[in-house]
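The values are calculated or read from the model by the stated rules, or taken from the named source; none is laboratory data. What you are looking at is a predicted structure, and each value in this text was computed from that prediction instead of being measured. So basically every Cβ, Gly included, is an ideal-geometry build from the backbone, and we count neighbours across all protein chains shown.
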């Protein structure tokens, strides 16, 4: 068949069945949009960070970096520059800080120095900045940061704008020199950061002549030689790493998030394919009749197959394109927020980065889904099939499944679940594969579940003649067509995905809250830097400690030290506690080992607890020695116990503060823990402590419960994308099912008209349609929920075993019910209008052949 | 055929039904008067669009006339409330149409009982009630067969059993043989006639099938919404019988 012929037939189809084609297109576009948005939301976190790193590092491929936030002497720069093979080197001092505007807004940012030295590296950051900008005493703000602070261009033009910079416990004013847009610094304009000259950053941080990194560009072919020389220079006290190490570490940190969103992308893809399949099934009767007519006219099966494929391709390409546009809008609006909990450890961007891979995956998925969904009419091209078979079929078109096939499919589903669950024992991180298996099994179980549901409905209906309409509905569903099954499967997959994700999400939130509550319960009051949720930023604590200890309600003041340490590809959270702390290890977070013994060993010194996945990665067990790259050189510690990751995905370590002070060479606290005397009023003591800090301190006093609530809010914000995606999934599934069911009801007008002739009132027809819809949606939802609970169990196991998160499994019955009801009621509400109109069909429609 | 002594079942008196098609008003039924007595079969012929199906809808109280009266056993259907109309359709009326409209996947015994369910008859009782009718139409051995396991003729027999399950006083049949071959069509017509006579039910049979004349007591012809006067060439049963014989 020529292209003109193919176009003619497709044009004819579009003219005669525009609504059907539109519905099919909407189904495909919805799936494509969900898949793209989820992928982009996921990859944007690391891609934005990568853009920032590249903007700063430019041609640098290596770096010498400090193992703590206090950095090292900048004089090392000249030694690096003198190394043979080094083409360029630039120092950087980076600090976690908080910016506060006069309008009351505050933003946690990455404060980085951007001196003239960076020009030699030719990073995007320096290309369009003048030497004056890079040396002036003030800060340069990327546009995203200025926006977050509410600094409009008008504000800046009106006159000099000052903001407060809180860093290392001190609050200092700084002039905003400029706001840097995309045209000046490229993707870096989306960063939550502030740039300033090295001297100014050193001054703000109170770290004169210190830097945290030296970026190095080796001459061509000299990279390995330079690395070796840098390693000698580092003398075991600094880390030599690739320049983009932060991106690699961030990827590792967000790996569980990547898995979770990957899972969602998968569920979205399956729902998308099912939506497309549903929508295309609506067009099956018409397509089958066209096939029959054309075959009678002598068109060959081969030509018809090409025609169908062409039509599916046209639909798939157009709908996928629309889906990409919708997905981009979703990614830039609803899924735009960056998880804040990562901000203290990594430079984060806010921009949405849409890579070519997500675009291709989503587009190709949409086109393939359209082609797969277009295949049912091809069954009429089978050799033994009568050419005009479609004209001699009774009832709704579609291939009904017999009882044997239903049981066989169910058994295959059970086998798939057993196989994938079994594989998890040997490959614990294979959760995505297991979820795919479970999703497939859910779909395979639908035909039998549907039969059981219809049988159950018939039993109930037989008890009273008041439920005769249920009998009619159940009978109408007996010849379970592919369309009904596809609809039920769509509901099942949507509910499955929502239950797995939301329930695991709840478990994770409960687990994190429990963990954090225990972690902060060691003191009644905490003093920390603003926005320093993990207490990793040090401040000059000694000047406050004495004054606070004198407050009448204060029983004790302890130093708490913490930070991040890069250990074998992970940015691990360090917790160093005073041996006098009553509960050194959060008791419920212990994975292996005895709590009392481990605590005693920590107090003794030379011992640490390690997150289980970190211990596994290093192949160490309790009693083994783990060597850490500390600022004073490699130091070995014995493993006292293993714990969960304490809510920090790369893992955590707890050690004795004395050990920490020795190896890190600092007594600066990152938090002060305060015990309140029994009987003293907490609020009053808190106020007194705040008073003792004085006006210049950029510190916050919090009760342990306030701190736990703040961590909970942070965890909820970090995981909010999961809620948003599940909500989107539920809405999309409900609407798409309603659209497909509505169109299906519309196509059944003649059989409804026949019932009207047999004295069925419109109200009775509405009852029949409502029962039918409930049975289809209910079967899908309940099957999906059952599979979802099992998937939730697997997911929690993955979170605990593979990622080390505290996620105690609990069936969220009420929430599962809520998900089921939301999807069913949403679909029923959207169905109400087509069902109402169809129930009022003229009986005359039954007389038309 | 049934003699003047038979009670009148259906009476149409100068019935008019108009439709609006765009700006044009079409008189689908234009002043039709017709009487059917118990046990009488009236065949209604006419080209497509002549108003035959509309006439059936009026007789079934599925639509009301714009003027004139449709009376069932003396009662004006136009004055029926929705409940009365539903009761009339459930208890007095049987409807057979060309597209059998059987429920796919549902056995014959339940397809035939579908009308009783609308009247709150318990399913078991409805199934029991449909068995004799299915036996009567020759499907005693096919009670539990689903439509896809039945031939076209058998499906129409199920549809007939469904129409007759309430012992109707009036049977309205719209092209009941339209989807069947000549032999099966003839069998169905004979079956309908036999049942009609035995039950003393009146039947208005809309058909293009020349064989219908063989079973009809009267043949009427509709054209442009009007019932042609008896004795016109087009309305002559003799002519139709001759066609049937051919």
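Quick rundown of the values:
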item	result
Test: residue in the range A:712-726 that is closer than 30 Å to residue A:283 by Cα, surrounded by 19 or more Cβ atoms within 10 Å (Cβ to Cβ), touching a residue at least 40 places away in the same chain (Cβ under 8 Å) and away from chain B (no Cβ under 14 Å)	yes
The listed residue being away from chain A (no Cβ under 14 Å) and either in contact with a helix residue (DSSP H, G or I) (Cβ under 8 Å, 6 or more places away or on another chain) or at positive phi (or both), out of B:73, B:11, B:40, B:24	B:73
Filter result for the condition that a residue is away from chain B (no Cβ under 14 Å), in contact (Cβ under 8 Å) with a residue 40 or more places away in the chain and either buried (at least 22 other Cβ atoms within 10 Å of the Cβ) or in a helix (DSSP H, G or I) (or both), over A:436, A:425, A:418, A:440	A:436
Residue satisfying all of: in the range B:131-150; within 13 Å of another protein chain (Cβ to nearest Cβ) and modelled with pLDDT of 85 or more; surrounded by the fewest Cβ atoms within 10 Å (Cβ to Cβ) among these	B:144
Residues within the range A:827-849 that are at pLDDT 85 or above and within 14 Å of chain B (Cβ to nearest Cβ), tallied	3
Subset tally (residues that are at the interface with chain A (Cβ under 7 Å from one of its Cβ atoms) and touching a strand residue (DSSP E or B) at 6+ places or on another chain (Cβ under 7 Å)) for the range B:92-109	3
Among (1) within 12 Å of chain A (Cβ to nearest Cβ); (2) in contact with a helix residue (DSSP H, G or I) (Cβ under 7 Å, 6 or more places away or on another chain); (3) crowded, with 24+ Cβ neighbours inside 10 Å, the one test that residue B:89 misses	(2)
Residue satisfying condition, being more than 13 Å from every other protein chain (Cβ to nearest Cβ), surrounded by fewer than 21 Cβ atoms within 10 Å (Cβ to Cβ) and under 19 Å from residue B:60 (Cβ atoms), within set B:199, B:183	B:199
Within the range B:45-79, considering residues that are under 15 Å from the mean Cα position of the chain (by Cα) and part of a loop (DSSP other than H, G, I, E, B), the one nearest to residue B:218 (Cα to Cα)	B:51
Residue identified as closer than 18 Å to residue A:629 by Cβ and either surrounded by fewer than 16 Cβ atoms within 10 Å (Cβ to Cβ) or within 38 Å of the chain's Cα centre (by Cα) (or both) among A:571, A:577	A:571
Residue among A:538, A:542, A:559 that alone is in the same structural domain as residue A:629 (by TED's automatic domain parsing) and within 33 Å of the chain's Cα centre (by Cα)	A:538
The range A:678-699, residues that are over 26 Å from residue A:574 (Cα atoms), within 39 Å of the chain's Cα centre (by Cα) and assigned to a loop (DSSP other than H, G, I, E, B)	A:696
Hits in the range A:60-78 (condition: buried (at least 16 other Cβ atoms within 10 Å of the Cβ) and not in a loop (DSSP other than H, G, I, E, B))	A:62, A:63, A:64, A:65, A:72, A:76, A:77
Members of the range A:45-59 found to be outside any helix (DSSP H, G or I) and crowded, with 18+ Cβ neighbours inside 10 Å, listed by number	A:58
Count of the range B:110-130 residues which are under 21 Å from the mean Cα position of the chain (by Cα), more than 7 Å from every other protein chain (Cβ to nearest Cβ) and crowded, with 21+ Cβ neighbours inside 10 Å	5
Within the range B:96-109, tally of residues that are over 17 Å from the mean Cα position of the chain (by Cα), outside any loop (DSSP other than H, G, I, E, B) and surrounded by 23 or more Cβ atoms within 10 Å (Cβ to Cβ)	1
Which listed residue, of A:186, A:236, A:221, is over 37 Å from the mean Cα position of the chain (by Cα) and either in the same structural domain as residue A:114 (by TED's automatic domain parsing) or not in a helix (DSSP H, G or I) (or both)	A:221
Residue, farthest from residue A:467 (Cα to Cα), within the range B:110-130, restricted to residues that are modelled with pLDDT of 85 or more and outside any helix (DSSP H, G or I)	B:112
Unique residue being within 14 Å of chain B (Cβ to nearest Cβ), assigned to a helix (DSSP H, G or I) and surrounded by fewer than 23 Cβ atoms within 10 Å (Cβ to Cβ) when the list is A:790, A:771	A:771
Members of the range A:596-620 that are over 32 Å from the mean Cα position of the chain (by Cα) and surrounded by fewer than 19 Cβ atoms within 10 Å (Cβ to Cβ)	A:596, A:597, A:600, A:603, A:604, A:605, A:606
First in the range A:452-477 and within 10 Å of another protein chain (Cβ to nearest Cβ), second anywhere and surrounded by fewer than 16 Cβ atoms within 10 Å (Cβ to Cβ) and outside any helix (DSSP H, G or I), Cβ under 8 Å, 6 or more apart	A:465/B:120; A:466/B:120; A:468/B:120
Residue identified as in contact with a strand residue (DSSP E or B) (Cβ under 8 Å, 6 or more places away or on another chain), at pLDDT below 90, in the same structural domain as residue B:10 (by TED's automatic domain parsing) and on the phi < 0 side of the Ramachandran plot among B:48, B:33, B:67, B:53	B:53
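Listed here are the residues, each with its yes/no results for (1) farther than 28 Å from residue B:71 by Cβ; (2) touching a residue at least 12 places away in the same chain (Cβ under 8 Å); (3) in a loop (DSSP other than H, G, I, E, B); (4) touching a helix residue (DSSP H, G or I) at 6+ places or on another chain (Cβ under 6 Å).
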residue: B:148; (1), (2), (3), (4): yes, yes, no, no
residue: B:158; (1), (2), (3), (4): yes, yes, no, yes
residue: B:172; (1), (2), (3), (4): no, yes, no, yes
residue: B:177; (1), (2), (3), (4): yes, yes, yes, yes
residue: B:185; (1), (2), (3), (4): yes, yes, no, no
residue: B:220; (1), (2), (3), (4): no, yes, no, no
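Here's the yes/no breakdown for (1) within 21 Å of residue A:513 (Cβ to Cβ); (2) under 27 Å from the mean Cα position of the chain (by Cα):
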| residue | (1), (2) |
| --- | --- |
| A:776 | no, no |
| A:803 | yes, yes |
| A:811 | yes, yes |
| A:827 | no, yes |
